1. Which one, Asn95, Phe152, Leu78, is farthest towards the positive end of the dipole of the stretch 75-177 when Lys and Arg carry +1 and Asp and Glu -1 on their Cβ?
2. With +1 on each Lys and Arg Cβ and -1 on each Asp and Glu Cβ, and nothing else charged, work out how big the dipole of the stretch 134-281 is about its Cα centre, in Debye to the nearest 20.
3. Compute the length gained on full extension between Lys182 and Arg281: take 0.36 nm times their separation in residues and subtract their Cα-Cα distance, giving the result in nm to one decimal.
4. Once phi is turned into ³J(HN,Hα) by the Karplus curve 6.51 cos²θ - 1.76 cosθ + 1.60 with θ = phi - 60°, what whole-Hz value does each residue of the stretch 156-167 show in order, with x for glycine and proline?
5. Which entries of Lys51/Lys196; Lys196/Lys263; Lys72/Lys189; Lys80/Lys148 have Cα-Cα distances beyond 23 Å here?
6. With θ taken as phi - 60° and the coefficients 6.51, -1.76 and 1.60, list the Karplus ³J(HN,Hα) couplings across the stretch 192-208 in order, rounded to whole Hz; mark glycine and proline as x.
7. Under the classification rounded if a/c is under 1.5, otherwise prolate if a/b is larger than b/c and oblate if not, where does the stretch 63-123 fall, given a ≥ b ≥ c as square roots of the Cα gyration tensor eigenvalues?
8. Is the C-alpha gyration tensor of the stretch 190-281 telling us rounded, prolate or oblate? Criteria: a/c under 1.5 is rounded; beyond that, a/b larger than b/c is prolate, otherwise oblate.
Amino acid sequence: MLWPYCSKIFSFKKVAVVLILRQILSYICCAFLAVLFSTAALSAPLWLEAKGEGSPTIIFISGNGNDASVWKGIEPHLRKVGAQTVIYDRAGLGNSPLWEGPYTVEGEAEDLQAALTTHGVSGPIILVAHSYGGYIASLLAENMVQVKGLVFVDAGIPADMSLQLADYVLAEYTPRFEALEKAAPELAKAIIPVVKAYPTTAKRMRTVSIPEHLPVIDILAETSWVQDETIVSQMRMAHANFVAASPNRSSLFAKGSGHNVMKDKPRYVIEAITRILEQLR
């Protein structure tokens, strides 16, 4: 007489076990897909060097193809006025290994944020970004409350990363990939994926907004890295509108400078950072 009841109990337990196993498998599948399609950090343990003492901390972000050495004529001057400086090599450049997985600009920003945490760099922070580094800085400014000011050094801002610019970059640099791979294969591994991702980066930048309360100095070089005058005009207008959108933003024209303002006219960069420091102290 007990068998029907035992059978029902056994059947119920069997169903429960099956449901639990299905739930566990569902979690595993979701986790696998999340890893597979994630646009999170690129998992590159970045080389980073912090020097000096004081506050705020000034973090320098380089453009494509450049390691931290491009700031060697700038960052020592800022330590003399009592600020800590941080330089780092972006993934695949200088002393930092190449990232793992597909490239995303979000991954670059998150890897830098992770490196800052690992090295105990908290805040307040001033970001100084050159060229493509401006897009990385923009993501950090939007997401990190520790960011208290920015200096863009002929750098990209969210509004200037148009689909037209992305098309220009692909058309201009794709024909050079083969020569770069032959001449500097390791450098090519760090540069080519960034260039190929420009359309995706352009779409991502359209969703980024730099808080209007942050003090920003936008340095523009007299000679742009872009050769197409129509796109240069569009970029200039985007920067002008960006500055006009907040009383906390100002622009600085680096007369006589090419794209690498920190090398051509370093005084503009030093003066701009010093002005932000004075505002925050």
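1. In the stretch 75-177, that residue is Leu78.
2. The dipole of the stretch 134-281 has a size of about 340 debye.
3. Gain in length upon complete extension: 30.7 nm.
4. x, 10, x, 6, 8, 7, 8, 5, 5, 5, 4, 5
5. Lys51/Lys196; Lys196/Lys263; Lys72/Lys189
6. Couplings: 4, x, 5, 5, 4, 8, 3, x, 5, 5, 4, 5, 5, 5, 5, 9, 9 Hz.
7. Here the stretch 63-123 falls in the oblate category.
8. oblate
Quick note: the coordinates plus some simple rules give every number you see, no bench work behind them. Computed from a prediction, not measured in an experiment: that's the story for all the values here. No Cβ is skipped: glycine too gets one built from the backbone with ideal geometry, and neighbour counts run over all protein chains shown.
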